[in-house]
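The values are calculated or read from the model by the stated rules, or taken from the named source; none is laboratory data. Values in this document were obtained by computation on a predicted structure and should not be read as measured data. With ideal geometry, Cβ positions are generated from the backbone for all residues, glycine too; neighbour counts draw on all protein chains shown.
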Amino acid sequence: MTPDFDVIVVGSGPAGVSAAFPLVEAGLRVLMVDGGKRPDINPPETDFLSARANDDKQWEWMVGKDFHALKMLDAVSPKLRVPFHAYAFDGFGHENRIEGKSFITVGSLAKGGLSNAWGCGVARFSPGEISELPFPASDLDLSYAKVSRRMGISGKADDDLSDYFMLDEYAQPPIPMDISHAYMFRLYSDQRKILHSRGFKLGHSRVAVLSEDIFGRQACNLSGNCLWGCQRHSLYSATYDLLALRRYKNFSELSGFVVEELKCSKGGWRIEGCGTSDSGLKSISAGKIVMAAGTLATTRIVLKSLNYTQPVPVLSCPTAAFLLWLPKMTGAPRMPGFGLGQLSFTLSLHGDYTAHGSTFSTTGIQLSEFARHVPMRRRCSMDLLRGLLSSCVVGNLFLPGRLTAAEAKLDNNESLIISGKYGGEAQPLMHEANRALSRAYRRLGAVLLPGSFTVASPGADIHYAGTLPMKVSPSRGETSPYGEVNGLDGVFVVDGACLPMLPEKPHTLTIMANADRIGRQLAACKSHYSN
């Protein structure tokens with residue numbers, strides 16, 4: 001019997017669309033299924049500061065008609081409290097039967113996946129990092145170029161992080177910095193030798209945000225609405241790639257369908273699941289299955305389909321946040337500006353570890369997000385921050401994923417349980433990073449406020465990988481160099497689950513490039529899809 005489709009792609013996020021392009025371009029009949037969640041409110045129409053001063057309905061997008069922000073006070077990230085992004089996270093754990101124990105689990109059932117609410121940080125993996133992959137580094141070159149140009153990247157600059165990000169060949173100019181970041185960057189040029197000797201380097205952030213118009217999307221206009229929703233489509237989302245995929249007659253979509261299991265079928269495979277809407281479909285067949293549901297969801301589906309009940313490792317980057325005060329900027333007015341990473345840093349630590357992070361403007365982030373961490377009464381902390389915050393920038397830091405000791409395992413109810421903690425080296429490295437960053441930023445005219453360096457709980461990075469790692473000779477539950485699951489011939493994993501390593505740098509671009517590489521390989525085997 002001929003399958004319904006040549007290929008089913010499970011998931012419409014960055015990995016899913018990247019694998020789909022070469023498949024549809026080869027003429028294959030491709031179906032993409034996803035949870036189908038969509039936003040149900042509009043982002044602010046004017047810049048953040050103007051909206052805060054003049055929009056009499058700002059409570060709708062700041063708090064939510066259902067008081068979403070107040071219900072999510074304990075959420076790990078401000079993004080999870082923003083009403084506009086609620087759809088991106090809604091129902092993920094429940095629908096996919098994923099639970100964390102001492103580990104934060106975040107995923108998405110939205111069309112476009114987590115790319116609807118991400119920090120847009122991008123980087124290429126270095127030759128040393130790619131050497132851990134079971135294929136030649138050159139195999140990713142074409143894919144990095146193709147994906148980078150499609151998504152739109154800014155930050156091109158001849159600076160000290162050009163060789164770290166390795167993206168300037170494809171990037172647009174940087175988005176203009178605010179006065180605080182420009183001030184620190186000027187001081188850095190005078191302090192480079194000393195800071196380099198201490199293992200600290202600084203440069204423009206490379207982000208998947210437009211500084212120039214392309215593909216019908218508009219360049220960033222410094223509105224400060226990055227956290228609240230960008231009406232100009234400056235920030236990359238996989239939903240923009242879906243618009244291009246829909247132009248192909250051989251591309252189909254099914255939204256509101258959560259895959260439960262994969263079953264072998266004559267002529268290929270069947271996906272089985274249930275609709276989150278009234279789709280009514282329960283089973284669909286295809287010659288091949290491409291899993292791009294996100295690391296955690298993909299892992300549960302694959303392990304259940306394999307009937308594999310042994311624990312598998314989970315890679316996750318230990319992460320921290322901190323607040324910098326620039327005394328020179330005290331009293332400066334709050335100004336609209338870019339709300340994502342403006343300057344990024346690398347920091348060499350003991351044991352040949354490297355930390356990476358970025359700093360952000362505090363404009364576009366409500367005072368309450370900072371007041372919750374100030375060690376004084378809420379009213380006093382709000383009064384303090386009103387006068388201080390315009391002279392502050394907020395930063396984050398990531399360590400390599402191998403420093404987290406975590407695992408995923410199917411329980412007796414076939415739910416995926418993620419448990420774990422930071423490894424023994426993580427906490428000493430965080431202490432070292434705290435001290436080193438304090439010294440480095442002091443030379444840049446910034447004070448790392450005491451007590452502000454906060455290490456997040458395991459899983460808070462939302463950089464999950466390594467559960468179904470690619471290997472030259474994969475064992476059961478691992479994947480081949482082309483992502484094919486050992487034990488499920490014809491099922492291919494293209495999201496973070498198949499990465500065998502997780503550096504401290506952003507990994508989304510590499511996931512997309514690898515998905516494109518696997519998609520091109522599958523397209524080259526076009527004649528093997530159906531009987």
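List of remarks:
- Conditions (1) crowded, with 24+ Cβ neighbours inside 10 Å; (2) farther than 29 Å from SER457 by Cβ; (3) not acidic (Asp, Glu): number failed by GLN58: (1)
- Whichever residue in segment 1-15 is part of a loop (DSSP other than H, G, I, E, B) and not polar (S, T, N, Q) and, among such residues, is farthest from LEU109 (Cα to Cα): MET1
- All conditions in (1) under 22 Å from the mean Cα position of the chain (by Cα); (2) assigned by TED's automatic domain parsing to the domain that holds ALA15 hold for GLN342, with the sole exception of (2).
- Single unsatisfied condition, ALA182 versus (1) under 23 Å from the mean Cα position of the chain (by Cα); (2) surrounded by fewer than 18 Cβ atoms within 10 Å (Cβ to Cβ): (1)
- Meets criteria (assigned to a strand (DSSP E or B), of a type in the set (Lys, Arg) and crowded, with 20+ Cβ neighbours inside 10 Å) for LYS263: no
- Boolean, ARG435 is more than 17 Å from MET501 (Cα to Cα) and either in contact (Cβ under 8 Å) with a residue 12 or more places away in the chain or surrounded by 16 or more Cβ atoms within 10 Å (Cβ to Cβ) (or both): no
- Per-region count, segment 36-55, residues over 24 Å from ALA238 (Cβ atoms), surrounded by 15 or more Cβ atoms within 10 Å (Cβ to Cβ) and either polar (S, T, N, Q) or under 24 Å from the mean Cα position of the chain (by Cα) (or both): 2
- Conditions (1) closer than 18 Å to VAL209 by Cβ; (2) buried (at least 20 other Cβ atoms within 10 Å of the Cβ); (3) assigned by TED's automatic domain parsing to the domain that holds ALA332; number of the one not met by TYR164: (1)
- When residues of segment 1-24 are limited to those that are of a type outside the set (Val, Ile, Thr) and more than 17 Å from TYR240 (Cα to Cα), the one nearest to the chain's Cα centre (by Cα): LEU23
- Annotation note: of PRO327, PRO318, the sole residue that is under 30 Å from GLY294 (Cα atoms) and either of a type outside the set (Phe, Trp, Tyr) or in contact with a Ser or Thr (Cβ under 6 Å, 6 or more places away or on another chain) (or both) is PRO318.
- Unique residue being in the same structural domain as SER391 (by TED's automatic domain parsing), outside any helix (DSSP H, G or I) and among the small types (Gly, Ala, Ser) when the list is SER189, SER211, SER252, SER180: SER211
- Some residue of segment 278-294 being assigned by TED's automatic domain parsing to the domain that holds ASN413, touching a strand residue (DSSP E or B) at 6+ places or on another chain (Cβ under 6 Å) and part of a loop (DSSP other than H, G, I, E, B): no
- Answer residue from segment 434-478, given it is part of a helix (DSSP H, G or I) and among the small types (Gly, Ala, Ser) and is nearest to GLU504 (Cα to Cα) among those: ALA436
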